[in-house]
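Chemist: This structure is in structure tokens; I'll ask about it shortly.
The values are calculated or read from the model by the stated rules, or taken from the named source; none is laboratory data. These numbers come from a predicted model, not from an experiment. Glycine gets a Cβ as well: all are built from the backbone with ideal geometry, and neighbour counts include every protein chain shown. Areas reflect the complete protein model, heavy atoms only, side chains present, ligands, DNA and RNA absent. Shrake-Rupley method; radii C 1.70, N 1.55, O 1.52, S 1.80 Å.
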Amino acid sequence: MAYKMRLNMDIQSKWNNKHRERIEQLTEPASNARLMKLAAYLNGGNALDLACGLGGNSLFLSRKGYYVQAIDISDVAIAYLQDQAVKNNLPIDARMADLTSLDQKSYDNQSFDMIVVTYYLDRRVFPLIKKILKADGYFFMETYFQAPNTVKQGVSDQYKLKPKELLNEFGEWQVLYYEENEHEGRQTIFCRK
């Protein structure tokens with residue numbers, strides 16, 4: 001137990017440092033480019049942004065009429081996003097949580113019209129996503145995948161999707177957009193439950 005707590009603190013420190021550096025270099029975090037291109041589908045409601053980082057996707061979704069619950073392990077990122085939400089009068093509830101030890105039962109009475117996960121992979125959240133996304137709700141995910149050109153990407157294969165993994169996992173839903181970009185080493189899916 002003590003080892004897991006120490007490991008989680010190390011991960012949190014790593015992300016806090018990365019986010020501090022990013023905050024110094026930007027005016028506002030950017031939303032995912034592919035998510036922005038899908039804006040015509042986004043009509044507001046309740047959204048969940050898992051591993052939100054500095055909140056580029058949360059800010060974008062809130063401007064599209066969503067009340068956003070944003071979760072990240074970094075208290076630096078969460079404080080930044082809370083500040084941005086207040087400054088811009090946006091409906092974002094940013095919370096610090098470690099998704100690897102998330103109490104999934106705390107979501108038993110919640111449901112979302114939109115769930116977003118970008119550049120984070122923990123397959124243990126897939127069942128939760130399937131459970132709490134409303135019927136006709138949208139799911140967007142983009143992260144690294146095991147493409148031939150990404151051996152030197154600096155990301156361990158345990159944090160990369162296998163080819164077509166998102167299609168296999170969420171293929172029973174209506175897939176509106178799917179891409180495996182081997183050059184960039186990313187896999188993207190946008191689907192309706």
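Chemist: Looking at CYS52 and the list (1) outside any loop (DSSP other than H, G, I, E, B); (2) modelled with pLDDT of 95 or more; (3) hydrophobic (A, V, I, L, M, F, W, C), which single condition is not satisfied?
Modeler: Condition not satisfied by CYS52: (1).
Chemist: Name every residue in region 79-95 that is under 17 Å from the mean Cα position of the chain (by Cα) and under 14 Å from GLY56 (Cβ atoms), in order of residue number.
Modeler: Within region 79-95, TYR80, LEU81, ILE92, ALA94 meet the criteria.
Chemist: Please give the number of the condition THR143 fails out of (1) open to solvent by 10 Å² or more (accessible area, probe 1.4 Å); (2) touching a Ser or Thr at 6+ places or on another chain (Cβ under 9 Å); (3) without any contact (Cβ under 8 Å) to a residue 60 or more places away in the chain.
Modeler: The one condition THR143 does not meet is (1).
Chemist: Among residues belonging to region 56-77 that are in contact with a Cys (Cβ under 8 Å, 6 or more places away or on another chain) and not charged (D, E, K, R), point out the one that is farthest from LEU42 (Cα to Cα). Walk me through it before giving the result.
Modeler: First, the residues of region 56-77 that are in contact with a Cys (Cβ under 8 Å, 6 or more places away or on another chain): 58, 70-72, 77.
From what's left, not charged (D, E, K, R): 58, 70-71, 77.
Values: SER58: 13, ALA70: 17, ILE71: 20, ALA77: 24 Å.
That would be ALA77.
Chemist: Please state which one of SER156, SER106, SER101, SER111 is closer than 24 Å to GLY55 by Cβ, open to solvent by less than 60 Å² (accessible area, probe 1.4 Å) and polar (S, T, N, Q).
Modeler: Values: SER156 fails: closer than 24 Å to GLY55 by Cβ; SER106 fails: open to solvent by less than 60 Å² (accessible area, probe 1.4 Å); SER101 fails: open to solvent by less than 60 Å² (accessible area, probe 1.4 Å).
Unique residue meeting the criteria: SER111.
Chemist: Is it true that LEU81 is under 22 Å from ILE132 (Cβ atoms) and at pLDDT below 95?
Modeler: Numbers: under 22 Å from ILE132 (Cβ atoms): yes; at pLDDT below 95: yes.
When the stated conditions are applied, LEU81 passes them.
Chemist: On to the next question. Applying the selection to region 59-72, what residues are of a type in the set (S, T, N, Q) and not in a helix (DSSP H, G or I)? If you could, list the steps in order and put the result at the bottom.
Modeler: Taking region 59-72 first, the residues of a type in the set (S, T, N, Q) are 62, 69.
Passing the criteria: only GLN69.
Chemist: Follow-up question, since we're still on this one. Can you find a residue that is at pLDDT below 95 and β-branched (Val, Ile, Thr) anywhere in region 1-21? Talk me through it step by step, then tell me what you get.
Modeler: From region 1-21, those at pLDDT below 95 are 1-21; that's our starting set.
Retained after the next criterion (residues that are β-branched (Val, Ile, Thr)): 11.
Yes, region 1-21 contains at least one residue that is at pLDDT below 95 and β-branched (Val, Ile, Thr).
Chemist: Could I ask something else about it? Condition first: closer than 18 Å to ILE115 by Cβ and either touching a residue at least 60 places away in the same chain (Cβ under 8 Å) or over 14 Å from the mean Cα position of the chain (by Cα) (or both). Now tell me which residues in region 64-78 satisfy that.
Modeler: LYS64, GLY65, TYR66, TYR67, ILE73
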